[in-house]
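Trainee: Let me begin by handing over the structure; questions about it come next.
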Amino acid sequence: MNMDRRAFLVSSGALVVSFALGSAGAAVQEAGGGKNPLPGSLEQDPMLDAWIRIGSDGTITVFTGKAELGQGIKTALIQVAAEELVVDPARIALVTADTARTPNEQYTAGSQSMQHSGTAIMNAAAQVRGLLVNLAAAKWGVAAEQLSVQNQAVRAPDGRTIGYAELVSDGVLHVRAEASSPLRDPKARTVIGRAFPRVDIPAKVTGGAAYVQDLRLPGMVHARVVRPPSYAAKLTDVASDRVERLPGVLKVVRDGSFLAVIAEREWQAVVAMRALDAAARWEEQPTLPDPAQLFEHLQSLPVKDRIDAGDAATAVNAGGLDATFRRPYQMHASIGPSCAVAWMKDDALTVWTHSQGVYPLRDAIAELVHMPPERVRCIHVEGSGCYGHNAADDAGADAALCARALPGRPVRVQWMREQEHAWEPYGSAMATRIRAALDSDGNVARWSYEVWSSSHSTRPGPAGNLAPAWTLQQPFTPPPPKPVPLPSGDGDRNAIPGYAFRDPRVVYHFIEQMPLRCSALRSLGAYANVFSIESFIDELARAAKADPVVFRLRHLTDPRARDVVQTAAERFGWAAFERKRGRGRGFAYARYKTLAAYCAMAFEVEVERDTGRVRVVRAVAAIDSGDAVNPDGIRNQTEGGIIQSISWTLFESVAFDRTRIVSRDWASYPILRFNDLPDLVNVHVINRPGAPFLGTGEAAQGPAAAAIANAFADATGVRLREIPFTRERVKAALGV
């Protein structure tokens, strides 16, 4: 039967999902040649029915290429769509990242989900509503301005109503988006701006199927991978005969140094993995730097310099302050080790994964297993732990390789704790140097900032960015890492200060080599850069004999920046703070990536001189993320960022020797425990209805670290410039 697309849509009785699979450039061109850019991710996928589906039964499905990572994005996107479609949020089903169903929005990263996908869905929903109203107006012969929408229907002044499902039966929503949309007046909103319960939480707190780790498919089998003991290790021999005869074992998979076992049941796979590990022989080389000389080693490596601001020849006046700050390698430390399920069936491969980029992972896996990308499907399922590029993509690659070796049955690969700790990509170690001088009025006259860092982005795209690909008999070579361009940046994210300094100079020394495997860890270089800059701002304030908050306000011209600083200070009670023995107050501010959310924090910190213990007693933050779709979600993210940053700043550092990573459990890589939590964490959301979405998830990490450092200095009179502030480091600094 020959039928064109429009005829098919008419006959189907529903608006069906379809979206452009062509290049982003083609989509932009077709949408208007780039003269009038479309809002958010509509620029890449301009068809309205790529984002909104209305079924003949009245069901509404919204599609996003972004993934729920625990940041509450599902709830916020449902709220956005419900507001503009004027429907109950409970009537909307949301489909997240799936290479067979959703738009290609690349990675869920950089606190950009609302900026990109939220903006796209808001405008798509508004335009769908406008089209439906126009259809009803034409049907009834009345002016569209006389019609209203309510409860998933268009209503006429005389009381007639027509449901959305009836209006879309001819497929009229398969149209390209416009650059402008009939967005609802923020004053008329009933959904956006309210604290709606998170849709992803119930299963997580009731023991339901919440994560990919919980996924069970019919006939599913279990695999475990024997990881090399170190980066440079090569498998020289393995006696697998006895392992193959163990109960439940279906197959031992070996391809070069890639070694895995597949069994009927999970515990059988674990037992077989341990036996296989004991039977394996590896050749290792001491390729890692001396950990005691890590920062000297990093700063001795070849670099590619990028001048982010100022002139390379700019110098700081004599007599200025000069300081160096350090941040170690740090883990994502996901509570649940990575997991994936893959199924090779009918010459097609499906992978269920908690990757933050299902489309790039699909391309990488297709290259890895030598299949056309269109025969590989990646479906996002939440993982119990995330925060950037952890081992999720590697687990997906493991599952794909095992599924290829045992076609016809779903294969689940679950990493072990020691594997996650030793093989996940870390946040890069970093060093910074700041030199600055004050003028006669106590204002910053000169500012010079340098940062040394390896890559913060080695995510898949190419198969060579997958760790299992390095171990194959015919290995894939990792592509050379490249710095991410500004304004986002990577190691130099937030390296340009957000203050009105005269002629600041900022230099990024990009280290091409990676002694330890690195990639995206939440906030990338912003954590270390804001820690460094905001610590130094306090030192300058002290030199200027100025209050730290007053000193910051003196150098801030952006009214929204001033608002968050003043709000955080007022809500903390900065001016009325009463000092107690061993306690101090600290303040910090940053605008994430210099273009996203504004965040300011004031902390009260307690220091036990005898034990070296540092504890945040009280944390108060103010955040401006623009239009606050779900204020409670913004608070959740900011509170979580504060807690995570406290853990990074006080406890976390990857340990290694000349050959291996030795941080392989929670004893050797300690994280924040319940008894180290603050007594109080207050987050104040400054809502700006109708303003652009700015993103929230990574705004808190840098300011929190600096607020701790500044409060420690206030409490002790001693400045710590190297993270983490361990008990041993604190006692040494205090001379205890």
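Trainee: Answer yes if at least one residue in region 474-481 is outside the structural domain of S519 (by TED's automatic domain parsing), under 18 Å from V341 (Cα atoms) and out of contact with any helix residue (DSSP H, G or I) (no Cβ under 9 Å at 6 or more places or on another chain), and no otherwise.
Mentor: The answer is no, given that none of the residues of region 474-481 is outside the structural domain of S519 (by TED's automatic domain parsing), under 18 Å from V341 (Cα atoms) and out of contact with any helix residue (DSSP H, G or I) (no Cβ under 9 Å at 6 or more places or on another chain).
Trainee: Need the failing condition index for R493 against (1) under 21 Å from A436 (Cα atoms); (2) in a loop (DSSP other than H, G, I, E, B); (3) basic (K, R); (4) more than 24 Å from the chain's Cα centre (by Cα), just the number.
Mentor: For R493, the failing item is (4).
Trainee: Sticking with this structure for a sec: Regarding region 430-439, can at least one residue be identified that is in the same structural domain as F258 (by TED's automatic domain parsing), among the acidic types (D, E) and in contact with a strand residue (DSSP E or B) (Cβ under 7 Å, 6 or more places away or on another chain)?
Mentor: no
Trainee: Oh, and also: Kindly establish whether V616 is buried (at least 19 other Cβ atoms within 10 Å of the Cβ) and not in a loop (DSSP other than H, G, I, E, B).
Mentor: yes
Trainee: If we scan region 390-408, do we find a residue that is closer than 30 Å to A495 by Cβ, of a type in the set (D, E, K, R), surrounded by fewer than 24 Cβ atoms within 10 Å (Cβ to Cβ) and more than 25 Å from the chain's Cα centre (by Cα)?
Mentor: Within region 390-408, none of the residues are closer than 30 Å to A495 by Cβ, of a type in the set (D, E, K, R), surrounded by fewer than 24 Cβ atoms within 10 Å (Cβ to Cβ) and more than 25 Å from the chain's Cα centre (by Cα).
Trainee: Filter region 655-687 down to residues that are aliphatic (A, V, I, L, M) and part of a loop (DSSP other than H, G, I, E, B), then give me how many there are.
Mentor: Number of matching residues: 7.
Trainee: Only residues that are surrounded by 14 or more Cβ atoms within 10 Å (Cβ to Cβ) and among the hydroxyl-bearing types (S, T, Y): list them for region 139-161, please.
Mentor: T161
Trainee: Which ones in region 688-736 are part of a helix (DSSP H, G or I) and surrounded by fewer than 24 Cβ atoms within 10 Å (Cβ to Cβ)?
Mentor: Of everything in region 688-736, those that are part of a helix (DSSP H, G or I) and surrounded by fewer than 24 Cβ atoms within 10 Å (Cβ to Cβ) turn out to be A713, D714, A715, T716, R727, E728, R729, V730, K731, A732, A733, L734.
Trainee: Out of all the residues in region 263-274, which are buried (at least 17 other Cβ atoms within 10 Å of the Cβ) and within 19 Å of P228 (Cβ to Cβ)?
Mentor: Result: A269, A272, M273.
Trainee: Filter region 597-613 down to the residues that are out of contact with any Ser or Thr (no Cβ under 6 Å at 6 or more places or on another chain) and either crowded, with 19+ Cβ neighbours inside 10 Å or free of Cβ contacts under 8 Å to residues at least 12 places away in the same chain (or both) and list them by number.
Mentor: Hits for region 597-613 are Y598, C599, A600, M601, A602, F603, E604, V605, E606.
Trainee: What number of residues within region 581-598 satisfy the criterion of being under 28 Å from D627 (Cα atoms) and either of a type in the set (D, E, K, R) or part of a loop (DSSP other than H, G, I, E, B) (or both)?
Mentor: Residues in region 581-598 being under 28 Å from D627 (Cα atoms) and either of a type in the set (D, E, K, R) or part of a loop (DSSP other than H, G, I, E, B) (or both): 5 in total.
The values are calculated or read from the model by the stated rules, or taken from the named source; none is laboratory data. Please read these numbers as outputs of a predicted model, since none were measured by experiment. When we count neighbours, we look across all protein chains shown, and the Cβ atoms used for this are built from the backbone with ideal geometry, even at glycine.
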